[in-house]
Amino acid sequence: MKHQEAALVCFSGGQDSTTCLFWAKRRFSRVEAVCFTYGQKHSLEIEVARKIASDADVPFHLLDMSLIGQLASDCSLTNSDVAMDQEKPSDSYPNTFVPGRNMLFLTFAAVLARSKGIFHLVTGVSEADYSGYPDCRDTFIHSLNVTLNLAMDERFVIHTPLMDRDKSEVWELADELGVFDLVRTQTLTCYNGIIAEGCGHCPACKLRREGLEKYLERKNGKTGSDGR
């Protein structure tokens, strides 16, 4: 049964946010998407997001958050001179971490949502597969939810449908939502800006591929066990 209110999805055109977009479409009577420019290397992700939203008949908003890129000078996603960490360092966050990104994205999303009478926010953060990013933790989301409500005297609800799902379970959810092929062939998860299967060796591609293989193995095992 659909919730009769509207939702705004933080949307990048990647695997997680695309799955969340269709999760929201199944649950809310109206869904809109907001995408952010923040000095990321690959502007292609914005065009990918715009196309997926258009094909899904979802209003698309683009906010300029390029100040983040100016501040995150040591981040490999915003500074092409920084070599990308292939593995998480033992004593710090990987340099794909953009400090404050999710906090700022959700804050600006809430301001935009409020102007449109929308009080449900959806984001694809996950504590199961989050590379150690502190702003993907459930405690952070709950804390920010309280802060946004206090700051604007509203009753926002931040939804995190992927919070407890690993990547194989995100693939499973996309399959349940009927968008498995769309997510597999049209989304951009790769840190090197290659659509679908990606470059195959950046951290995001490795995580995506390992999750896909794990899900397909589990799915095929179930299919074999019941004779279909």
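The values are calculated or read from the model by the stated rules, or taken from the named source; none is laboratory data. No experiment lies behind these values; they were computed from the predicted model shown. Counting neighbours? That spans all protein chains shown, and the Cβs are built from the backbone with ideal geometry, glycine included. Note: accessible area is taken over every heavy atom of the protein model, side chains too, but ligands, DNA and RNA are not part of it. Shrake-Rupley method; radii C 1.70, N 1.55, O 1.52, S 1.80 Å.
For the chain, the relative contact order works out to 20 percent when only alpha carbon pairs closer than 8 Å and six or more residues apart are counted. Per q in 0.21, 0.22, 0.24, 0.31 1/Å, what log10 I(q)/I(0) does a Debye calculation on the alpha-carbon atoms of region 1-48 return? Cα-only, vacuum Debye calculation for region 1-48: -0.69, -0.74, -0.82, -1.12. Scattering from the chain was approximated by placing one identical point on each alpha carbon and applying the Debye formula without solvent; log10 I(q)/I(0) at 0.12 1/Å stands at -0.64.
Which stretch or stretches of region 159-175 have amide N atoms under 15 Å from the point lying 7 Å from Ala128's Cα along the Cα→Cβ direction? Once the point is set 7 Å along Cα→Cβ of Ala128, 160-175 turn out to lie under 15 Å by backbone N, inside region 159-175.
Pairs exceeding a 20 Å alpha-carbon distance, out of Lys167/Lys206; Lys25/Lys51; Lys167/Lys214; Lys25/Lys214; Lys2/Lys25: Lys25/Lys214. Other residues whose C-beta falls under 14 angstrom from the C-beta of Val58 contribute a net charge of +4, scoring Lys and Arg +1 and Asp and Glu -1. Counting protein heavy atoms only, the chain has 50 percent of its accessible area on carbon and sulfur, 1.4 angstrom probe. With a simple spin-label model that places each label point 7 Å from the Cα along the Cα-to-Cβ direction, the separation between Asp57 and Arg209 comes to 3.8 nm.
Rolling a 1.4 angstrom probe over the protein heavy atoms with all chains in place gives the chain an accessible area of 49 Å² per residue.
Each peptide in 6-15, 211-220, 34-43 receives the mean, over its residues, of other Cβ atoms within 10 Å, and ordering these scores from highest gives 6-15, 34-43, 211-220.
For the chain, there are no membrane-span-like helices by this rule, meaning no whole DSSP H stretch whose C-alpha atoms cover at least 27 Å of axis and whose Kyte-Doolittle mean is 0.5 or above; this says nothing about an actual membrane.
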